[in-house]
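*Asks:* Please find one structure pasted underneath; my questions will follow.
The values are calculated or read from the model by the stated rules, or taken from the named source; none is laboratory data. Worth saying up front: this structure is predicted, and the values here are computed from it rather than measured. When we count neighbours, we look across all protein chains shown, and the Cβ atoms used for this are built from the backbone with ideal geometry, even at glycine.
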Amino acid sequence: MEKKVVFIIAIIIAFAVQSMAQPGDDWIKLGEKNVAFKADKDKVTLTGKERNVSKIKITCVQGAVKIKKIHVKMSDGEKKEIDPAAGVLNKGMSTMNFDLPGKDNKLTDLELEYDSMGTIVTNKRAKVEIWGKKRKEDKKKD
């Protein structure tokens, strides 16, 4: 039993360390969403002009939320449905990083399917931030 607990904790730590943005990692905040106290599907309003990102992740900054699906649409019309299988995200936790399709596409739309945990009486509404990793520019040789 103790080995199972230690193993589960090790996996959780590994995902948390892998998904944390480090200074200088070129992670930019793409948007945020306050989620309702129910299962829902919401479009996230993306902020800023920088949308040329190769990866995204979701970070919970308040409350608790279970992300069920992430739907993204790129500038060339390509769509991708991401199944994060992350379990419940509590304040300070992030999903792992998810690759976006295409090499020169920009993220145009993002929609979240989620279950917010808790109730209006006992908890604050969950708030999530969407982060994107800037795409590395290819250096062309002359």
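*Asks:* Of everything in the stretch 37-58 that's among the β-branched types (Val, Ile, Thr) and more than 12 Å from ASN105 (Cα to Cα), which residue is nearest to the chain's Cα centre (by Cα)?
*Replies:* This residue is ILE58.
*Asks:* Can you pull out the residues in the stretch 37-73 that are among the small types (Gly, Ala, Ser) and touching a strand residue (DSSP E or B) at 6+ places or on another chain (Cβ under 6 Å)?
*Replies:* Correct list: ALA39, SER54, ALA64.
*Asks:* Continuing with this model, one more query. If you take just the strands (runs of 3 or more DSSP E) that sit entirely in the stretch 65-117, which of them hold at least 2 residues that are within 19 Å of LYS33 (Cβ to Cβ) and in contact (Cβ under 8 Å) with a residue 40 or more places away in the chain?
*Replies:* Counting at least 2 such residues, we get 107-116.
*Asks:* For the stretch 72-96, which residues satisfy the criterion of being buried (at least 16 other Cβ atoms within 10 Å of the Cβ), under 20 Å from SER116 (Cα atoms) and of a type outside the set (A, V, I, L, M, F, W, C)?
*Replies:* PRO84, SER94, THR95
*Asks:* For residues that are within 14 Å of HIS71 (Cα to Cα) and over 12 Å from the mean Cα position of the chain (by Cα), tally how many sit in the stretch 89-105.
*Replies:* 1
*Asks:* Inside the stretch 1-58, can you point out the residues that are modelled with pLDDT under 80, charged (D, E, K, R) and assigned to a loop (DSSP other than H, G, I, E, B)?
*Replies:* ASP25, LYS38
*Asks:* Spot the failing condition for LYS55; the list is (1) over 21 Å from ASN34 (Cα atoms); (2) free of Cβ contacts under 8 Å to residues at least 60 places away in the same chain; (3) not aliphatic (A, V, I, L, M), and only one is missed.
*Replies:* Going through the list (1) over 21 Å from ASN34 (Cα atoms); (2) free of Cβ contacts under 8 Å to residues at least 60 places away in the same chain; (3) not aliphatic (A, V, I, L, M), LYS55 breaks only (2).
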